[in-house]
1. Rg and Dmax of region 398-500 over Cα atoms: what are they, in angstrom?
2. With the alpha-carbon atoms as the only input, what is the per residue convex hull volume for region 405-446 in Å³?
3. Binning at 10 angstrom from zero up to the longest distance, how are the C-alpha pair distances of region 348-409 distributed in percent?
4. For L400, which sequence-distant residues (separation of 5 or more, or a different chain) have an amide H within less than 5 Å of its own amide H, given hydrogens modelled in the peptide plane?
5. To the nearest 10 degrees, how steeply does helix 259-275 sit against the main Cα axis of the chain, on a 0 to 90 scale?
6. Would you kindly calculate the mean projected area, averaged across all directions, of the convex hull enclosing the Cα atoms of region 258-324, in square nanometres?
7. How much space per residue, in cubic angstrom, does the convex hull of the C-alpha atoms of region 163-209 take up?
8. By a straight-distance test (C-alpha under 25 Å), which lysines pair with K218 as possible cross-link partners, with residues fewer than eight away in the same chain excluded?
Amino acid sequence: MSKIHSPKFLFLALLIAAVGVLSPHAEAQQTPRTDAVYNGWISAYQVADGSNFFIAKSLTDRSDGFWSEGYGIFEAEDAYFQDHSASRYTQIVQLLNDFLTKNGNNWGGDSWDDDLEWIIYAYIRGYQMTGNTAYLTAAANNWNLVYSRGWDSTFGGGIWEENSGRDSKCILSNGPFVIEGVLLYRATGTSTYLTESEQAYEWVRNNLFNYTNTTNAKGVPGQADECIHASGLAVSDNVYNTGLIVNAANSLYRETLSSEYYGDVQLAASHVMSKWPIMSASNPDNFFRGIAAFATQNNLWSTYNTYVQNNANAAWNERRTDYNITNNNWTVPTTTTGNIVSMDSGASITVQAVLPVSFSFSGNYEILCDSGLVLDVSGGSTSGGAAVVQTAYTGATNQLWTFVSTAGGYFQIKNVKSGLVLNVKGHSTTSGALIQQYGPQGMQPGNDEWMPALNSDGTYSFYNLNSNMALEIFGSTSGTQFEQNFANNNTDQKFTLIKR
């Protein structure tokens with residue numbers, strides 16, 4: 001639920017005039033490039049004519065499709081998760097709402113399970129962004145539908161790609177199912193989502209993925225194949241399939257910390273990086289999305305940054321300059337004439353958007369709320385678990401904070417007096433969870449890691465790695481404890497940094 005309070009503009013103006021705002025230097029290395037690609041992509045494919053708001057199939061086919069529209073939405077979500085801008089937030093909400101208006105929240109009329117899954121992915125991520133329970137309901141209804149109609153014991157388990165003919169069980173009907181199930185588990189706490197996701201992943205691992213260090217019938221180490229048919233295994237070494245392994249295994253590793261999943265991510269990633277040093281294969285967005293999450297959550301950007309950066313540079317250098325988009329092959333220029341399918345150029349957004357935005361903070365900061373009060377530790381405590389509250393500024397060291405860079409554009413926000421850091425109590429992923437100070441815990445579980453986002457008005461918002469929710473304070477009462485909540489672009493989630 002959105003919380004809105006009246007800003008104390010006069011008070012803030014007088015205070016800022018008195019002390020001066022020394023804004024930290026924000027390098028924002030990738031945002032301008034992401035802006036250029038995303039804005040060009042929207043210009044190329046978005047249809048907005050009053051009654052419609054969707055991503056068209058291609059430059060020449062202006063229809064909305066079905067599963068391809070869902071695919072387009074989560075490309076837009078990638079751009080949003082880099083900088084959390086209000087304009088991107090609004091566009092994504094419009095896209096999600098348009099699809100629900102036209103299709104409702106039961107998509108069973110499409111017999112292809114992988115079709116449904118790409119739309120489910122867009123909606124569970126939409127719920128992460130907004131907290132809109134209509135998006136969560138749609139994602140959960142259709143994920144359960146896919147499992148109930150698609151899973152059976154043929155080939156030892158797995159989800160059918162298509163349900164009328166039931167010819168094949170494929171990674172593209174099981175991989176996304178895993179990713180979405182983990183997100184549903186995080187959103188609801190319902191263990192069935194995690195259990196069935198693990199079950200689907202194990203089927204993929206046993207039937208379609210070579211998780212060994214030697215070449216075998218499933219291909220080279222780290223290779224993921226296409227499908228199991230009645231006639232046997234359909235071997236197909238492509239980044240679309242292997243990228244799903246990276247993303248699915250990383251999703252499960254985040255929840256279970258099982259070394260099996262961790263090793264699978266590393267092996268699949270090594271295979272992709274070796275075979276495609278610069279991407280020239282279809283739909284690599286899931287790979288880049290997955291490897292960036294893995295690098296951030298495990299502090300491994302030193303391992304993967306050069307590869308991702310080189311591919312981001314290649315996609316940009318070979319772009320079609322009228323829309324700043326690049327087709328699937330980033331080793332040759334994208335022609336400035338002819339048709340391009342929207343999902344074939346979507347990865348040129350993702351590869352820019354997953355690169356961390358770089359901020360440089362130095363020294364101590366007062367973190368000023370819209371209420372005119374500041375971020376403080378209750379009673380000046382130096383104990384782990386002490387509440388983080390808002391109070392009037394006195395200059396005490398328990399009201400001062402430093403920013404300690406960790407990984408992937410995230411920071412720990414460290415109290416000067418106690419040396420403890422801003423922490424979501426119980427590493428909760430629930431809106432309304434309270435904020436405390438606690439000893440550093442690191443990227444796993446990530447409840448003390450915060451991504452700064454520079455708002456257009458010069459304020460900052462902070463998004464938690466574990467929950468994806470924003471730091472928030474409600475009201476203007478001294479002593480009120482901070483909490484996390486879904487992003488709402490309101491002033492209770494915006495803070496002014498004053499260097500002290």
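1. 12.7, 35
2. That works out to 78 Å³ per residue.
3. Bins of 10 Å from zero give 19, 35, 27, 14, 4 percent of pairs.
4. For L400, the qualifying residues are V416, K417.
5. 70
6. So the mean shadow area of the Cα hull is 4.9 nm².
7. 73
8. K169, K275
Here, each number is a calculation from the coordinates, and none is a lab measurement. Small disclaimer: the values here were computed from a predicted structure and weren't measured. Glycine also receives a Cβ, built like all others from the backbone with ideal geometry; neighbour counts cover every protein chain displayed.
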